[in-house]
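The values are calculated or read from the model by the stated rules, or taken from the named source; none is laboratory data. The model shown is predicted, which means the values in this text are computed figures rather than measured ones. With ideal geometry, Cβ positions are generated from the backbone for all residues, glycine too; neighbour counts draw on all protein chains shown.
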Amino acid sequence: MDVIAWISLAGICALGAMSPGPSLLIVLRNAATSPMHGFACALAHGAGIGLYALLTALGLALLVTETPALFMGLQWAGALLLIYIGWQALSASAPASLSAPPPQPAPVLNSIAQGFSIALFNPKVALFFGALFSQFVRPDQLLSTKIAMAGLAAGIDTAWYLLVTLAVTSGRKRGIDLGHWGQRLQKLFGVILLALAARLAWSLF
């Protein structure tokens, strides 16, 4: 692949990463909890995207996109995941008073699991990379090139969500009291995630 092809691939991957959706909401929710939770979620999401990108470059993602039962199963798993995370956000306990310490956040491993799972249980990612990589992958292409393409997609996705987390962290440092609004943000994220889950479930019927 020449330089122009790499730049084109990077640009399209960036547009895909920046498109709003459940992934953005989940990273924002974790970033609002703490910078560490946000960074962990962003890195895990990038790993999930990289896995799909590598499977697509190797031709293995066809198993997902051309097997209706598997494809629908992953979509239902994604809807259930959104319901679970949304319910967690809505049912999170609030401090008894504004002066009371906030509840202890969930372990960082939960953020890692959420970031990776929201990418893994979104088979539309495979469709996206299937359409994208079909313009760049060649039968005689070196394995190292395919791995580099997957790495580029994963790196761009990770970088975007790290920037999102940094933006939330910067707002906190500039005096925006996310702690005061944290519960309201969590509730809002929960409602939106449940709405997205309902919309996805409705489309599957």
(message) Among the listed residues Ala5, Ala14, Ala44, identify the single one that is touching a Phe, Trp or Tyr at 6+ places or on another chain (Cβ under 8 Å), farther than 30 Å from Val191 by Cβ and in contact (Cβ under 8 Å) with a residue 40 or more places away in the chain.
(response) Ala5
(message) So in the range 56-77, with the set limited to residues that are of a type in the set (A, V, I, L, M, F, W, C) and outside any helix (DSSP H, G or I), which one is surrounded by the most Cβ atoms within 10 Å (Cβ to Cβ)?
(response) Ala61
(request) Among the residues of the range 29-46, write down those that are out of contact with any Cys (no Cβ under 6 Å at 6 or more places or on another chain) and farther than 20 Å from Lys124 by Cβ. (result) Arg29, Ala31, Ala32, Thr33, Ser34, Pro35, Met36, His37, Gly38, Phe39, Ala40, Leu43
(message) So the check is Cβ under 7 Å with 6+ separation or different chains; which pairs have a first residue in the range 117-138 that's without any contact (Cβ under 8 Å) to a residue 24 or more places away in the chain and more than 20 Å from Pro68 (Cα to Cα) and a second one that's of a type in the set (Ser, Thr, Tyr) and part of a helix (DSSP H, G or I)?
(response) none
(request) Quickly run through the range 1-39 and pick out the residues that are within 23 Å of Ile147 (Cα to Cα) and in contact with a helix residue (DSSP H, G or I) (Cβ under 8 Å, 6 or more places away or on another chain). (result) Met1, Trp6, Leu9, Ala10, Ile12, Cys13, Ala14, Gly16, Ala17, Met18
(request) With respect to Phe116, determine if the residue is assigned to a loop (DSSP other than H, G, I, E, B) and modelled with pLDDT of 75 or more. (result) no
(message) I'd like to check something: does the range 62-74 contain any residue that is under 17 Å from the mean Cα position of the chain (by Cα), under 29 Å from Val108 (Cβ atoms) and not aromatic (Phe, Trp, Tyr)?
(response) yes
